[in-house]
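The values are calculated or read from the model by the stated rules, or taken from the named source; none is laboratory data. Note that the structure is predicted; figures quoted are calculated from it, not measured. Cβ: placed from backbone, ideal geometry, glycine included. Neighbour counts: every protein chain shown.
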Amino acid sequence: MPEVQQAQSFTSSLREDRSFPPPAEFAARAHIRSRAEYDAMYRRSIEDNEGFWREQARELDWFTEPTQVLEWNDPVAKWFGDGRLNLCHNAVDRHALGSRAGKMALLWEGEPGEVRSLTYLELYAEVQRVANVLKRYGVRKGDRVAIYMGVCPEAVIAVLACARLGAVHNVVFGGFAAQALADRMNDAQCKVLITQDSSFRRGQDVLLKAIADEALTRCTCVETVLVHRRSGHDVHMQEGRDRWLQDELKSAEAQCAAEPMESEDPLFILYTSGTTGKPKGLVHTTAGYGVGTLLTTKYIFDLHEEDVYWCTADVGWITGHSYVIYGPLLNGATVFLYEGAPNWPDVDRFWQMVDRHKVSIFYTAPTAIRAFMKWGADAVRKHTLSTLRLLGTVGEPINPEAWMWYHREIGHERCPIVDTWWQTETGSIMIAPLPGAVSTKPGTATLPFFGVEPAIVTKSGEPVPAGHGGLLVIRKPWPAMARTIFGDPERYKQAYWSEVPGCYFTGDGARQDEHGEFWLMGRVDDVLNVSGHRLGTMEIESALVAHRAVTEAAVVGRPDEMKGEGIIAFVSLGDHVEPTPGLKDELKKHVAKEIGALARPDDIRFTPALPKTRSGKIMRRLLRELAATGEVKGDTTTLEDFSVVAGLKEKDEE
Ligand code: PRX
């Protein structure tokens, strides 16, 4: 159970009066053109929730139309329960076999500069052949397939090929280390792994196959490894287990029918950090996820036929799943993909590509925007950015300064900015302005999407008055919500549906202002948000205590100008272990090796003991305060041993 802080005591000093109405030209051709139109459609979506979703579900192509909408047995939801469909068919076939056959589906640029593109018809052909290769290695409906790749068309094709067969994809972010990959493959019991030799980032080879080899030594479930040859980097191929995807494709059959799936059949498992050491495998199902991602992409990004859409997320995160792959392709969009780093070979790489590929919709994270600010506007001003018409952000609260910079330097004061709040668990965007209808303000994600009923409450579920901080909950189920945690339905119930009675608990604090707009204030549990990525403090602590020198560890976040939050670890060492700077470096490397570079602590502080309550719980609140301000002023009445805090402060002053 997360240690929920006193939500009632949140105060918010953020006051923002700047408001940007939708530009008239933008609104004139938007799907939703006015606030009145949004208000009416939103009201309808809440008052006749099932009627609304029944209607919206018609945007998908069904093998069997559903007659049911929602079956809700708190906390188990079934959406469109008696329908049958296939999301690969919806994302690819119906466009390839219809008017979008020759339309560009994927447009990719590798970090070294090569460009590849696939039309919907070409994507259709590729996906079928890869699905047939998977079939050859025994992959059937319901089997789990791990995907550990960089951003490239093959990663998208691998995901879609799984969906075509009804196999459950488990994409693991290419920045995760061997142990993290092994844990995720083992937990999901993956039968096949799809990876690549290496991928490029900042001019370096990211040795995906070599890391996968190490993970596979700790994993018994994977029978076959399919390796996409991307860089030509020399890799070890284990006889009988590893096969080059390109070789396999030469003899693959061209046609592969899309498996008719039940609406509630699982589509994917995606692991995310929680408040315990073990990441949670969130299970998303087929129809509801399809309806949710299709609709949010269409309205929130105001997607039109001629748009070139670029979401900079990696396919290994939920944003990559919902807004690089499914949402845009279900809408028949042209999706731009980029393999590498934003500052390679130079800090204007993104803006070069926006001009080169005529990107019109650009969706990124505040942490990236802050990096661009640091690199300076001159790098941006070398490019016209004239094709851009809409900008988006996701992953963490955006500071008004970054919002204004984005508005001015990237959007040229012409492009609306959609600040989109959502989570791995929610599957699709929950709170965001519709850009042709709702005025935007720096720092607020504004209003809920259709069918979504958020509220700010106390821990016991009492509503909190406008302007006051509290816990953000969602009062109604929605189609794209995760259905369970793989193998642990009880944990799903505990984590999300027990904290606040009758509601989905987001783990975020927020306030709603007098205009009904939502201002996100960050996590209220022991989950960190580092550069828009979610990390459990327990996960990092588990990695630290696994090191032979460490007896105890407590990890907290500290505000960080660039990353949103930095990682600070308080560590107690075993007897006779010397607290040297060299050991600090070793521990940082150790965490990066266990989890991945994104979890590397910014700072390690050695301490003889950690501050604990009389019942033995680590007082993270004190540590957070200490990490942020260098001192402890808060309430210490439950602290077991006052000398511990004094000791920590002394260390801090060293
Ligand atoms: O704290 C919120 C923050 O990111 C968390 C979800 O993380 P994850 O599941 O990794 O998904 C990230 C991408 C959807 C949330 O609980 N968060 C996400 N978007 C925003 C945000 N915080 C403030 N504003 C946002 N727009």
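General observations
- Per-region count, the stretch 501-530, residues over 29 Å from residue 188 (Cα atoms) and more than 12 Å from the ligand (Cβ to nearest atom): 9
- Cβ pairs under 6 Å, 6+ apart, first in the stretch 391-402 and in a loop (DSSP other than H, G, I, E, B), second more than 7 Å from the ligand (Cβ to nearest atom): 395/365; 396/366; 396/564; 398/366
- The stretch 422-439 residues that are closer than 14 Å to residue 390 by Cβ and at pLDDT 95 or above, paired with ones that are within 9 Å of the ligand (Cβ to nearest atom) and acidic (Asp, Glu) (beta carbon under 9 Å, 6 or more apart): 432/419; 433/419
- Check on residue 365, touching a residue at least 60 places away in the same chain (Cβ under 8 Å), buried (at least 22 other Cβ atoms within 10 Å of the Cβ) and not charged (D, E, K, R): yes
- Applying a threshold of 9 Å to beta carbon distances and a minimum spacing of six or more residues, or different chains, the list of pairs starting in the stretch 511-524 at a residue that is modelled with pLDDT under 95 and ending at one that is β-branched (Val, Ile, Thr) and more than 12 Å from the ligand (Cβ to nearest atom) reads 524/4.
- Tally, over the stretch 291-338, of residues that are part of a loop (DSSP other than H, G, I, E, B), more than 16 Å from the ligand (Cβ to nearest atom) and touching a Leu at 6+ places or on another chain (Cβ under 8 Å): 3
- Every residue from the stretch 483-510 that is out of contact with any helix residue (DSSP H, G or I) (no Cβ under 7 Å at 6 or more places or on another chain), at pLDDT 95 or above and over 28 Å from residue 286 (Cβ atoms): 510
- In the stretch 542-563, the count of residues that are touching a residue at least 40 places away in the same chain (Cβ under 8 Å), in a helix (DSSP H, G or I), more than 11 Å from the ligand (Cβ to nearest atom) and not polar (S, T, N, Q) is one or more.
- Residue in the stretch 110-125 that is touching a residue at least 24 places away in the same chain (Cβ under 8 Å), in contact with an Asp or Glu (Cβ under 6 Å, 6 or more places away or on another chain), part of a loop (DSSP other than H, G, I, E, B) and under 21 Å from residue 310 (Cβ atoms) present: yes
- Subset of the stretch 610-635 [buried (at least 16 other Cβ atoms within 10 Å of the Cβ) and part of a loop (DSSP other than H, G, I, E, B)]: 610, 611, 619, 632
- Those residues of the stretch 337-348 which are touching a helix residue (DSSP H, G or I) at 6+ places or on another chain (Cβ under 9 Å) and over 18 Å from residue 598 (Cβ atoms), in sequence order: 337, 338, 346, 347, 348
- Count of the stretch 412-425 residues which are over 14 Å from the mean Cα position of the chain (by Cα) and either buried (at least 20 other Cβ atoms within 10 Å of the Cβ) or within 13 Å of the ligand (Cβ to nearest atom) (or both): 5
- Residue satisfying condition, being farther than 21 Å from residue 320 by Cβ, among the small types (Gly, Ala, Ser) and either in contact with a Phe, Trp or Tyr (Cβ under 8 Å, 6 or more places away or on another chain) or more than 16 Å from the ligand (Cβ to nearest atom) (or both), within set 376, 392: 376
- For the stretch 531-541, the set of residues classified as more than 8 Å from the ligand (Cβ to nearest atom) and either surrounded by fewer than 22 Cβ atoms within 10 Å (Cβ to Cβ) or of a type in the set (D, E, K, R) (or both) consists of 531, 538, 539, 541, listed by residue number.
- Just one of the listed residues (442, 477) is within 20 Å of residue 46 (Cα to Cα), within 22 Å of the chain's Cα centre (by Cα) and assigned to a loop (DSSP other than H, G, I, E, B), and it is 477.
- Test result for residue 172, under 22 Å from residue 277 (Cα atoms) and not charged (D, E, K, R): yes
- Among the residues of the stretch 223-281, those identified as surrounded by 21 or more Cβ atoms within 10 Å (Cβ to Cβ), in a strand (DSSP E or B) and within 16 Å of the ligand (Cβ to nearest atom) are 268, 269, 270, 271, 280, 281.
- Every condition in (1) touching a residue at least 12 places away in the same chain (Cβ under 8 Å); (2) out of contact with any helix residue (DSSP H, G or I) (no Cβ under 8 Å at 6 or more places or on another chain); (3) over 21 Å from residue 116 (Cα atoms); (4) surrounded by fewer than 18 Cβ atoms within 10 Å (Cβ to Cβ) is met by residue 209 except one, and the failing one is (4).
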